[in-house]
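Presented below is the structure to which this report refers.
The values are calculated or read from the model by the stated rules, or taken from the named source; none is laboratory data. These numbers come from a predicted model, not from an experiment. Because the Cβ atoms are built from the backbone with ideal geometry, glycine has one as well, and the counts that use them run over all protein chains shown. The accessibility values were calculated without ligands, DNA or RNA, using every heavy atom of the protein model including side chains. Shrake-Rupley method; radii C 1.70, N 1.55, O 1.52, S 1.80 Å.
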Amino acid sequence: MRLIGITDQHRAKVATRERPFRLSEFLVVEEEAAPVLVEVVATQAVNPLLPDTGRGPGLIDEATLGTLQALGYNPQGETFYLAEVRATAELSCPLSVGARVRPASFADVRELLLPRETANAALLGVVRGTEGYALPPELQNRVFRYFPEEDCARPAEGVPFFLAWPELSRYPHIGIFGGSGSGKSFALRVLVEELIAQGLPAVVFDPHFELSFEQALALEPVFMERTAALSGRWRIFTLGRNVSVRFEDLTVGDLVTLFRAVMDGWTEQMEHCARLLWRQGDSAETYRRRLWLLADTLAQRNRYERAVEALERGEDPAARFFPEDPARQEEFREKLNVYRDYRDSGIAEATAHAVLRRLNYLLQGNLVGSQGTEVIEEALKQGQTCIVRGDARNLCVFATYAIRKLFGLRRRYRDNLQYGDGRSVPYFPPFFLVTDEAHVLAPKPKGEKDFAPARAVIREIAQEGRKYGVFLILATQRPALLDDTVNAQLNTKIILRTVRAQDLDTISRETDLGPHEVARLPYLSSGNAFVSSAILGRTVPVAVRASWTRSPHAEDPFAEWRRHLSACGEDLWPAVRAFLDANRGYLTEVDFAACLNHCQQSLNRRVTEAELRGALERWAADGRLEARPNRAFGGMRYVLRG
Ligand SMILES: Nc1ncnc2c1ncn2[C@@H]1O[C@H](COP(=O)(O)OP(=O)(O)OP(=O)(O)O)[C@@H](O)[C@H]1O
């Protein structure tokens with residue numbers, strides 16, 4: 001293996017006759033001063049009998065040909081292999097053409113690939129291109145890879161890939177990018193497992209109801225043990241059941257944000273109405289009642305105008321309208337007060353109703369309630385991972401409120417430590433904020449109509465979270481749609497298969513992936529990624545490890561459908577069996593109606609003809625019955641076997 005040309009200060013070309021190069025493999029250039037570690041970023045095989053092989057990724061040019069000949073290669077008469085390599089660290093002087101090159105060993109890559117301390121690091125997978133290295137015992141069999149076709153996991157070859165959590169305080173925030181089916185949810189699961197295992201407090205928004213960790217991925221003892229070790233360290237909270245937006249915590253600005261988020265069509269008039277009716281210390285009920293009373297009185301403006309005039313003349317219109325009914329008098333007085341307060345405010349009846357509709361939606365749905373985020377706060381203080389579930393729209397609104405609240409608590413605690421006046425503020429821990437579909441929470445602004453309530457707080461955390469120990473882990477299928485400020489602050493990006501040109505463009509702008517790596521992104525198989533990280537100072541190709549646990553939705557939907565079909569109508573078997581026993585062991589078309597009737601009576605439920613016929617066919621296929629065409633009566637004759 002020889003270095004046969006220089007591309008630029010850090011890139012060079014290597015040739016060998018021995019074997020093809022593998023993408024991402026590490027090589028060592030034996031420079032006189034000191035060996036230099038490089039990695040293969042593009043490969044090519046050249047066969048003189050097949051001239052087209054010389055074109056490939058364009059590694060051959062005039063100068064390269066000349067060097068090859070000078071080094072004894074015969075480009076017209078022999079097959080050889082070329083690679084473009086890139087130095088893994090900055091070089092002070094260029095590589096030397098003609099230098100010998102050899103495959104790297106574990107000792108060569110150890111310092112580059114492993115953090116000093118692996119105990120505080122997340123184990124994400126194995127570094128691709130390091131398969132076949134002789135590893136020290138403590139690194140052997142640490143990583144498993146999952147094989148979906150066989151639904152099993154096996155130990156993976158290669159150097160384990162770790163991401164050191166403590167380094168996040170220098171280079172915060174992680175992004176996981178990948179198209180549908182690329183392994184994004186799988187990688188997110190792996191990261192969350194690592195957070196749980198290390199007892200790092202985290203809030204995870206789970207719009208797909210898929211992040212639970214009770215079921216082991218495989219039946220091997222190591223998976224069962226790891227899954228058991230996670231138990232008790234994570235909790236699921238469901239929006240409306242144990243967490244909600246607490247009305248009393250809201251400012252009028254928050255409330256307007258919620259109104260805008262729950263229904264489209266928010267107008268300036270509505271905002272004017274919502275703000276004007278708000279009073280400090282309102283509960284959901286007092287605010288709702290004021291809105292309702294206003295909407296009601298505006299619908300009968302003439303009546304209340306007359307009542308106001310009567311009042312100004314010193315009369316009591318309530319007593320005149322409802323002479324015998326003190327309760328209705330009281331209600332009328334209350335309405336009149338509200339009407340007087342807001343009659344000149346320019347609020348139209350339709351506007352008051354529109355705001356009321358939004359408030360009712362918030363109160364009747366599961367979004368606003370009395371719970372707030374207290375249970376999450378408590379769980380975070382115990383180092384737990386809090387999985388918050390709810391339907392996507394409501395979860396997005398809740399996330400806006402919860403993120404602001406939790407970040408606020410942490411900030412208050414830290415700021416008080418630094419600039420406080422000595423008064424004590426309760427401890428609130430650092431935490432991770434994890435979400436899938438991050439482009440929904442923090443989308444790129446799009447013109448005047450743009451509205452994304454969570455974006456501002458996520459931007460704030462992206463920019464200031466490091467200072468407070470609040471870190472983002474954001475997964476998205478569409479990095480191109482994610483807010484630019486947030487995107488730029490994700491110091492570590494795990495990039496899986498990506499196909500869309502717009503996303504590839506964003507990735508090449510926002511990471512240090514070279515053109516060769518970006519060109520590979522559409523072809524990565526599920527679970528293979530490039531990790532581009534400021535922590536590592538470089539991009540590493542990684543095969544994401546098998547998670548210890550599995551998603552409750554992991555079953556192939558067609559396998560689920562087949563399972564459903566095979567179980568469907570199984571409760572009919574004892575009834576059909578009894579019928580056959582009583583009918584000399586067989587069933588023909590003539591007996592069908594009687595058998596159906598018998599099934600309905602013994603199961604006390606409706607049984608359809610199609611259901612019974614389907615069940616008979618299945619039992620014939622699985623050998624419980626024998627099916628023969630019945631010449632006399634048509635149809636089949638089913639006979640009990642054995
Ligand atoms: N690390 C991995 N090792 C082996 N197989 C994987 C890995 N990651 C994903 N897969 C396979 O790819 C499938 C799809 O992965 P996953 O559900 O994570 O995709 P996704 O990118 O989240 O897609 P979507 O955005 O559509 O949900 C998994 O069911 C699994 O079979």
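Tabulated data for the structure shown
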{"item": "Histogram of C-alpha separations across region 298-436, 10 Å bin width, %", "result": "9, 24, 18, 16, 18, 13, 2"}
{"item": "Residue 161 long-range amide H proximity, modeled H, under 5 Å", "result": "124, 125, 126, 127"}
{"item": "Portion, in percent, of the accessible area of region 391-437 that falls on carbon or sulfur, probe 1.4 Å", "result": "52 percent"}
{"item": "Amide proton proximity set for residue 542, modelled H, under 5 Å, gap of 5+", "result": "128, 529, 530, 531"}
{"item": "J(HN,Hα) series, region 336-342, from Karplus relation 6.51 cos²θ - 1.76 cosθ + 1.60, nearest Hz, glycine and proline x", "result": "4, 4, 4, 4, 4, 5, 10"}
{"item": "Calculated from backbone phi, Karplus (6.51, -1.76, 1.60) coupling profile of region 325-334 in Hz, x at Gly/Pro", "result": "10, x, 5, 5, 4, 4, 5, 4, 4, 4"}
{"item": "Surface accessible to a 1.4 Å probe, residue 516 within the full protein complex, Å²", "result": "60 Å²"}
{"item": "For the chain, alpha-carbon Rg over 2.2 N^0.38 Å", "result": "1.34"}
{"item": "Placed amide H near residue 42: partners under 5 Å, 5+ positions off or other chain", "result": "84"}
{"item": "Accessible-area value, residue 467, 1.4 Å probe, nucleic acids and ligands omitted, Å²", "result": "120 Å²"}
{"item": "Heavy-atom accessible surface of region 581-638: percent carbon and sulfur, 1.4 Å", "result": "49 percent"}
{"item": "Euclidean distance between Cα centres, region 484-516 to region 383-419, Å", "result": "27 Å"}
{"item": "In order through region 243-256: 3J(HN,Hα) via Karplus (6.51 cos²θ - 1.76 cosθ + 1.60), integer Hz, x for Gly, Pro", "result": "9, 6, 7, 8, 4, 5, 7, 7, 8, 5, x, 4, 5, 4"}
{"item": "Residue (of 599, 579, 568) at the positive-pole extreme of region 557-640, dipole from beta-carbon charges", "result": "579"}
{"item": "Cα pair distances exceeding 23 angstrom across region 2-104, given as percent", "result": "19 percent"}
{"item": "Pairwise label distance in nanometres, residue 18 with residue 427, each label 7 Å out on the Cα-Cβ vector", "result": "5.7 nm"}
{"item": "Two-site FRET efficiency, residue 628 against residue 141, from Cβ-Cβ distance with R₀ of 45 Å, rounded to 0.05", "result": "0.20"}
{"item": "Share of carbon and sulfur in the accessible heavy-atom surface of region 246-369 [1.4 Å probe, %]", "result": "45 percent"}
{"item": "With Cα atoms, 0 to 90° folded angle of helix 455-468 axis to the chain main axis", "result": "60 degrees"}
{"item": "Zone of residue 209's modelled label, taken as backbone nitrogen in region 354-390 under 12 Å from a point 7 Å along Cα→Cβ", "result": "389-390"}
{"item": "Kirkwood-based shape ratio for region 554-642, expressed as Rg/Rh from alpha carbons", "result": "1.01"}
{"item": "The chain - accessible surface per residue (Å², probe 1.4 Å)", "result": "48 Å²"}
{"item": "Debye-sum result for region 92-160 in log10 I(q)/I(0), which assumes one identical scatterer on each alpha carbon, at q = 0.18, 0.24, 0.25 Å⁻¹", "result": "-0.79, -1.13, -1.19"}
{"item": "Between helix 573-582 and the chain: long-axis angle, C-alpha atoms, 0 to 90°, nearest 10", "result": "90 degrees"}
{"item": "In region 166-230, the GluC sites (Glu not before Pro) that fall in loop regions by DSSP, at most 16 other Cβ within 10 Å", "result": "214"}
{"item": "On Cα atoms only, tilt of 221-230 relative to the major axis of the chain in degrees", "result": "40 degrees"}
{"item": "Computed magnitude of the charge dipole of region 2-104 (debye, nearest 20; Cβ of K, R +1, Cβ of D, E -1)", "result": "240 debye"}
